[in-house]
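Structure, as structure tokens:
The numbers here are math on the coordinates, done by the rules we state, and not lab data. Since the structure is predicted, the reported quantities are computational estimates derived from the model, not experimental observations. Here the Cβ positions follow ideal geometry from the backbone for every residue, glycine too, while neighbour counts run over all protein chains shown.
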Amino acid sequence: MNKRVTIEIPEEIHELVAAEAARGGMQPDAYVLDLIVRRLEDLNDIALAEAALERIRTGESRTYSLAEVKAELGLDD
């Protein structure tokens, strides 16, 4: 089920949103929803990357050099 969220934004921001939405052939509300979804996806990706880096730092995970990957895959030159 969809939920409605109402926000107040400065007129100049609203004009920018409307212009960018129109340029992309979208309605402003669909454009704003797309921006929110993309931002949330970015935040999730950042959290996953930070968690992976922490596992590398603590030794829980390791990294592999290009040479190691090529050797494992039989791609040695």
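From a point 7 Å beyond the Cα of A30 in the direction of its Cβ, which residues of region 1-23 have a backbone N at a distance under 12 Å?
Residues passing the 12 Å test: 21-23.
If you bin the C-alpha pair distances of the chain every 5 Å from 0, what whole percents do you get?
Distribution as computed: 3, 12, 12, 13, 11, 9, 8, 7, 9, 10, 5, 2, 0 percent.
Any idea how far apart K3 and L43 come out in nm if each label point goes 7 Å out from Cα toward Cβ?
The two pseudo-label positions are separated by 1.3 nm.
Which is the longest part of the chain that has none of the GluC sites (Glu not before Pro) sitting in a DSSP loop with at most 16 other Cβ atoms within 10 Å?
Answer - 9-59.
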